[in-house]
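Below you'll find the structure, written out as structure tokens, and then a few comments.
The values are calculated or read from the model by the stated rules, or taken from the named source; none is laboratory data. Every value quoted in this text rests on a predicted model; they were computed, and no experiment measured them. With ideal geometry, Cβ positions are generated from the backbone for all residues, glycine too; neighbour counts draw on all protein chains shown. Only protein heavy atoms, including side chains, enter the accessible area calculation; ligands, DNA and RNA are left aside. Shrake-Rupley method; radii C 1.70, N 1.55, O 1.52, S 1.80 Å.
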Amino acid sequence: AQSVTQPDIHITVSEGASLELRCNYSYGATPYLFWYVQSPGQGLQLLLKYFSGDTLVQGIKGFEAEFKRSQSSFNLRKPSVHWSDAAEYFCAPGGGADGLTFGKGTHLIIQP
Amino acid sequence: GAGVSQSPSNKVTEKGKDVELRCDPISGHTALYWYRQSLGQGLEFLIYFQGNSAPDKSGLPSDRFSAERTGGSVSTLTIQRTQQEDSAVYLCASSFAGGGETQYFGPGTRLLVL
């Protein structure tokens with residue numbers, strides 16, 4: 001069965017500090033991999049995606065993610081967070097006829 | 001419009017009533033998806049359309065749920081005899097094609113069943 005794990009329900013980071021959000025997946029084959037962000041009152045917005053090729057992908061708002069096949073991981077990183085990054089972050093492998101399988105999400109809190 | 005639109009944005013209904021939720025995808029997008037977001041279950045995939053066809057309806061939570069898409073564009077998700085556990089935000093997304101194409105999400109319909 002397809003599954004995705006985001007082990008951190010909440011993460012608190014000081015503004016300006018670096019961030020890493022973890023994501024592990026279980027799939028029959030390497031799936032397409034996505035990170036979405038959901039801010040209060042906002043819809044889901046794509047941050048970045050991985051299909052193939054370079055395992056380090058760049059996204060919007062200064063985010064990047066690294067695909068590691070051996071660890072079945074696709075962790076999201078940002079070198080320096082801003083207060084506006086406070087939101088819910090979802091890792092989602094999949095796509096196509098099976099849709100996206102969303103993790104439970106990580107709630108990011110930014111401390112001043 | 002430029003994005004995916006959904007209507008209504010909010011719906012309050014009484015248990016046992018039928019509701020119809022509408023999704024207008026981005027023009028030219030052949031793939032359309034429905035998801036449900038609830039506190040207990042998180043984000044769940046419900047159904048996928050390629051054109052007007054939904055090859056697999058097994059993701060729909062029960063036989064009270066049905067979905068259709070006409071003209072390769074607008075889609076409706078219908079819930080019959082609503083139950084309190086149907087309360088959730090129903091999200092629609094569309095993509096240019098299926099596969100790994102980026103899915104663009106609408107703002108959702110917040111459904112509350114009393």
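What the table shows:
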quantity	calculated
Subset of the range A:59-68 [open to solvent by less than 50 Å² (accessible area, probe 1.4 Å), under 23 Å from A:Ile109 (Cβ atoms) and not charged (D, E, K, R)]	A:Gly59, A:Gly62, A:Phe63, A:Ala65
A:Ala65 vs. criteria assigned to a loop (DSSP other than H, G, I, E, B) and either under 23 Å from B:Gly99 (Cβ atoms) or touching a residue at least 60 places away in the same chain (Cβ under 8 Å) (or both)	no
Filter result for A:Phe34 (within 14 Å of A:Ala65 (Cβ to Cβ), over 14 Å from the mean Cα position of the chain (by Cα) and within 12 Å of chain B (Cβ to nearest Cβ))	no
Pair list, Cβ under 7 Å, 6 or more apart: the range B:92-103 residue without any contact (Cβ under 8 Å) to a residue 60 or more places away in the chain, other residue in a strand (DSSP E or B) and not small (Gly, Ala, Ser)	B:Thr102/A:Leu46; B:Thr102/A:Lys49
Cβ pairs under 7 Å, 6+ apart, first in the range A:1-28 and in contact (Cβ under 8 Å) with a residue 12 or more places away in the chain and within 27 Å of A:Gly95 (Cα to Cα), second outside any loop (DSSP other than H, G, I, E, B) and of a type in the set (D, E, K, R)	A:Leu19/A:Arg77; A:Leu19/A:Lys78; A:Glu20/A:Arg77
Options A:Gly43, A:Gly59; residue that is under 11 Å from the mean Cα position of the chain (by Cα), among the small types (Gly, Ala, Ser) and on the phi < 0 side of the Ramachandran plot	A:Gly59
Any hit, the range A:40-58, residues being more than 14 Å from every other protein chain (Cβ to nearest Cβ), at pLDDT 95 or above and either open to solvent by 50 Å² or more (accessible area, probe 1.4 Å) or in contact with an Asp or Glu (Cβ under 8 Å, 6 or more places away or on another chain) (or both)	yes
Strands (runs of 3 or more DSSP E) (entirely within the range B:49-114) containing at least 1 residues that are more than 10 Å from chain A (Cβ to nearest Cβ) and small (Gly, Ala, Ser)	B:65-69, B:75-79, B:88-95
First in the range A:71-100 and away from chain B (no Cβ under 13 Å), second anywhere and open to solvent by 10 Å² or more (accessible area, probe 1.4 Å) and among the polar types (S, T, N, Q), Cβ under 7 Å, 6 or more apart	A:Ser72/A:Asn24; A:Ser72/A:Ser26; A:Ser73/A:Asn24; A:Lys78/A:Ser18; A:Pro79/A:Ser18; A:Ser80/A:Ser18; A:Ala87/A:Gln38; A:Ala87/A:Ser39
From B:Tyr33, B:Tyr104, residue being open to solvent by 20 Å² or more (accessible area, probe 1.4 Å) and either aliphatic (A, V, I, L, M) or within 30 Å of A:Ala29 (Cβ to Cβ) (or both)	B:Tyr104
Subset of the range B:9-30 (residues that are open to solvent by less than 50 Å² (accessible area, probe 1.4 Å) and over 21 Å from B:Gly71 (Cβ atoms))	B:Thr13, B:Gly16, B:Val19
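One line per residue, one yes/no per condition, for (1) buried (at least 21 other Cβ atoms within 10 Å of the Cβ); (2) of a type outside the set (Ser, Thr, Tyr):
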| residue | (1), (2) |
| --- | --- |
| A:Ser70 | no, no |
| A:Ser73 | no, no |
| A:His82 | no, yes |
| A:Asp85 | no, yes |
| A:Phe90 | yes, yes |
| A:Gly96 | no, yes |
| A:Phe102 | yes, yes |
| A:Gly105 | yes, yes |
| A:Pro112 | no, yes |
